[in-house]
Structures are given as structure tokens and as C-alpha cells.
1. Looking at ALA102, ALA53, which one is touching a helix residue (DSSP H, G or I) at 6+ places or on another chain (Cβ under 9 Å) and either among the aromatic types (Phe, Trp, Tyr) or under 21 Å from MET156 (Cα atoms) (or both)?
2. Could you list, in sequence order, all residues of segment 45-74 that are open to solvent by 20 Å² or more (accessible area, probe 1.4 Å) and within 14 Å of the chain's Cα centre (by Cα)?
3. Any residue that is part of a helix (DSSP H, G or I), over 17 Å from the mean Cα position of the chain (by Cα) and not β-branched (Val, Ile, Thr) - is there at least one of those in segment 131-139?
4. Taking segment 21-44 as the search range and keeping residues that are touching a residue at least 40 places away in the same chain (Cβ under 8 Å) and of a type in the set (Ser, Thr, Tyr), which one is most open to solvent (accessible area, probe 1.4 Å)?
5. What's the number of the condition SER18 fails, among (1) modelled with pLDDT of 95 or more; (2) surrounded by fewer than 18 Cβ atoms within 10 Å (Cβ to Cβ); (3) not aliphatic (A, V, I, L, M)?
6. Out of all the residues in segment 57-72, which are of a type in the set (Ser, Thr, Tyr) and either farther than 16 Å from LYS109 by Cβ or touching a residue at least 24 places away in the same chain (Cβ under 8 Å) (or both)?
7. Got a number for residues in segment 111-127 being assigned to a loop (DSSP other than H, G, I, E, B), free of Cβ contacts under 8 Å to residues at least 24 places away in the same chain and on the phi < 0 side of the Ramachandran plot?
8. Consider PHE107 against the criteria (1) modelled with pLDDT of 95 or more; (2) open to solvent by less than 80 Å² (accessible area, probe 1.4 Å); (3) over 14 Å from ILE39 (Cβ atoms): it satisfies all of them except one. Which criterion is unmet?
Amino acid sequence: MQAGFLALLLVLDLVVGSFVSTMSTGTVVFVSSLHFLGIVLMSQNDSLLELMAKVFVVSVWLDLNHLASYPVFMFAYVITFLIMYRWRKYVGSNTLEFMVMAILCLFIKEVLMYVALSMFRSYSGSLIGFFTYRSFWVIAGNMIFVPLVVWLHKQMHRIILQRAQNMYMR
């Protein structure tokens, strides 16, 4: 069920990304990260092994789908979620706390993306430019979709509970 949830979020990322790219002004870069928010939300109940397995699969998928990006996503995602795993016990389950955690995780991911692009892909842009034209918009834009991700996560849990209840009743 969680794989279906992540697959749905990856498809929604494609839809949002294609919609935004048609409306783009050219200088601002927005990258939909609904899958990232979904992993942050699911990680609250996962062990480190389960979390790293999900992060590894998604980051390899993203590296394979973005031309010449290996190991940028893997580097940024694995380190971000290792840091986030240490923080997760301090965050509750309400939407506001999740938004704060999501902002922090997206910020760390963006910093690590800049570092990885600079190290592995000879990116020569400035850090200020990267934050101005990409990171700010990625963080702000994805916060709009937090209620959708939280709602989809609740629906996934509702379906899981219904299936478990149906199995128990048999």
C-alpha cells in the first residue's frame, strides 16, 4: 500500500511539474517534491532500515529518470533522511508540526543538492542564486501541497485499517 502511495505521489509530481513548466517564466525553477513529503510523512512510523529502503529505491528511480544526475539524488536524499530520522521523535502528528519538519527536510535536501551538483556535476552557479531561483520556490511551492499529501496519507491508512478489519472479521 505504501508503494502505491509513493507511486501516486510520483505521478502527481509529474503532473504538477508539467503544469508548472508550461506556466514557467524561465528564471524561476520549481520542482514538485510530493514524493519527498510522502516519505517524510511515512517515516514517522518506519524503522531506519525501512526508511532507507524507501529512500534508496526512490532516489535510484529519480537518478535514472533525470539525465546524468547519478548520484545527486541518492546523496541528497540518503543524508537528508538520516538527519531527519534523528529528529522524528521530536515531531508530533499534527499538520503544522509536519509542515515545519517538511520545510527543514526540504531545506537540507536543497543544500545537499547544491553540494552534490557542485561536487559531481560541475555546477558553477552561486549558492545565493541556487537558493533564489530554485530552493526558495521548491520549499514554498511544495508547502501548498502539504494538505493534499496529508489527506492522501490518511486515506491510505483508512484503507489499510479497513482491509485489516475485513481480514479480522472473516
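1. Within the list ALA102, ALA53, the selection yields ALA102.
2. Narrowing segment 45-74 to residues open to solvent by 20 Å² or more (accessible area, probe 1.4 Å): 45, 47-50, 52-54, 56-57, 60-61, 64-68, 70-71, 73-74.
MET52, LYS54, PHE56, VAL57, VAL60, TRP61, PHE73, MET74 - these are the residues of segment 45-74 that are open to solvent by 20 Å² or more (accessible area, probe 1.4 Å) and within 14 Å of the chain's Cα centre (by Cα).
3. Of segment 131-139, the ones part of a helix (DSSP H, G or I) are 131-139.
Then keep just the ones that are over 17 Å from the mean Cα position of the chain (by Cα); that gives 131-133.
Applying the additional criterion that residues be not β-branched (Val, Ile, Thr) yields 131, 133.
So far as segment 131-139 goes, yes, one or more of its residues are part of a helix (DSSP H, G or I), over 17 Å from the mean Cα position of the chain (by Cα) and not β-branched (Val, Ile, Thr).
4. That would be THR27.
5. Failed condition: (1).
6. SER69, TYR70
7. Qualifying residue count for the region: 4.
8. So PHE107 meets the others, but not (2).
The values are calculated or read from the model by the stated rules, or taken from the named source; none is laboratory data. These numbers come from a predicted model, not from an experiment. Glycine also receives a Cβ, built like all others from the backbone with ideal geometry; neighbour counts cover every protein chain displayed. The area values use the complete protein model at the heavy-atom level, side chains included, leaving out ligands, DNA and RNA. Shrake-Rupley method; radii C 1.70, N 1.55, O 1.52, S 1.80 Å.
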